[in-house]
Amino acid sequence: VGFTGGEPTLHPEFEKILIGLAKYRKRLSVFQIITNGINFKNILPVLLWFRKRFPRVRIHFSVDGTKAGHDRIRGKNTYDKTIEAMTLCRKRKIDFAIQMVLHRHNEQEIEDVMDLALNFKAKLCKVYPALPTPALLEEDIVLSFKEAEEALSRASRSIERFIEKQNESSRIDLLAKYVYAYCAWLGSITPININYKGEVTFCSNLSNFVGETEDRPDVLGSLREASVISLCERHINLVATFTKDRLKNIQSKKLILPGYETCLVGCLYCMRYFKKFNHTKICEDYGIFI
Ligand code: SF4
């Protein structure tokens, strides 16, 4: 089970939800939260309570670069809160990862974030380009295909240098080839995403786009009206249709997959396929012509 956002730790019933989840701990394999750490101090008591009952807790902190860059995106002093949260994790021996989403303002700060991950002994640091959300498009900071490729190869080169610096006891995994070209959501073990309205949807990356209309072909139905099993069946059927269409589009060159190091193409294709995104220029830049 994983909680994503917005910022899931700000949910007014976060504590109640975690206590409820603990009842099902025998059926969990892992529990993870993606957070910017802004409310971490407040949720720590319930998180520690939960961890006593279910030890496989993973925290993923979103870091957007240096303090200046991070605060510019997330608000004043938010970086300090993330650092405080990571310090608390280290003190309490809670495993955590760092993830960085690249855009035009922070693509030069990859090494700063990797340094941070090494200093705090994060378990993992992964870097990938930002999806073109309406806010990022408005600011005109979404990386073009070429820029994304260059940023990722720079990140790969930094990783090589960082690997040399690491010793066995402080080893962390650094990833800069976060491939969405064919992702877990479309693989043989299909996770399900439940949005804040209790609807099961195709993938969390497609949830709750600003300005989306009533026509949401990625929504499989609400748990208030259908059972989990029947919604999973709908999901499997939709993945099958999606996959056949995708294959046809690859064959007719409406979708060009330039290589496995090219992340973002898969998600952009989904955004286009499910009518979340109509920015033709960006899609074509990434080889999507549907
Ligand atoms: S948007 Fe599509 S490619 Fe991206 S993670 Fe979701 S299902 Fe996978």
Filtering segment 131-158 for residues that are closer than 19 Å to Thr66 by Cβ, touching a Leu at 6+ places or on another chain (Cβ under 8 Å) and at pLDDT 85 or above leaves a count of 1
What's the number of the condition Ile141 fails, among (1) without any contact (Cβ under 8 Å) to a residue 40 or more places away in the chain; (2) farther than 30 Å from Trp49 by Cβ; (3) in a helix (DSSP H, G or I); (4) of a type in the set (Val, Ile, Thr)?
(3)
One residue is enough: does segment 32-54 have a residue meeting the conditions of a type in the set (Lys, Arg), closer than 23 Å to Leu116 by Cα and within 19 Å of the chain's Cα centre (by Cα)?
no
Which one of these is under 18 Å from Phe40 (Cα atoms) and in contact with a strand residue (DSSP E or B) (Cβ under 9 Å, 6 or more places away or on another chain): Ala85, Ala151?
Ala85
Taking the condition farther than 30 Å from Ser153 by Cβ and surrounded by 15 or more Cβ atoms within 10 Å (Cβ to Cβ), does His235 pass?
yes
Keeping to segment 266-275, report how many residues are surrounded by fewer than 22 Cβ atoms within 10 Å (Cβ to Cβ) and over 14 Å from Asp245 (Cα atoms).
1
For segment 225-251, give me each residue that is closer than 16 Å to Ile194 by Cα and of a type in the set (Asp, Glu).
Glu225, Glu233
Inside segment 45-80, can you point out the residues that are crowded, with 18+ Cβ neighbours inside 10 Å, among the aliphatic types (A, V, I, L, M) and more than 18 Å from Cys125 (Cα to Cα)?
Leu47, Ile73
Return the residues of segment 25-40 that are of a type outside the set (A, V, I, L, M) and exposed (fewer than 13 other Cβ atoms within 10 Å of the Cβ); say none if nothing qualifies.
Lys26, Arg27, Ser29
If we take segment 162-267, then strands (runs of 3 or more DSSP E) inside it with 2 or more residues that are within 15 Å of the ligand (Cβ to nearest atom), touching a strand residue (DSSP E or B) at 6+ places or on another chain (Cβ under 7 Å) and modelled with pLDDT of 75 or more are 199-201, 219-222
Name the single residue that is nearest to Leu131 (Cα to Cα) among those in segment 210-232 being loosely packed, with under 10 Cβ neighbours inside 10 Å and among the aliphatic types (A, V, I, L, M).
Val210
Would segment 105-113 turn up any residue that is within 20 Å of the chain's Cα centre (by Cα) and within 26 Å of Val1 (Cβ to Cβ)?
no
Quick check: is even one residue across segment 108-130 assigned to a loop (DSSP other than H, G, I, E, B) and more than 30 Å from Leu48 (Cα to Cα)?
yes
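The values are calculated or read from the model by the stated rules, or taken from the named source; none is laboratory data. Please read all numbers here as calculations on a predicted model, not as lab measurements. Virtual Cβ from ideal backbone geometry, glycine too; neighbours counted across all protein chains shown.
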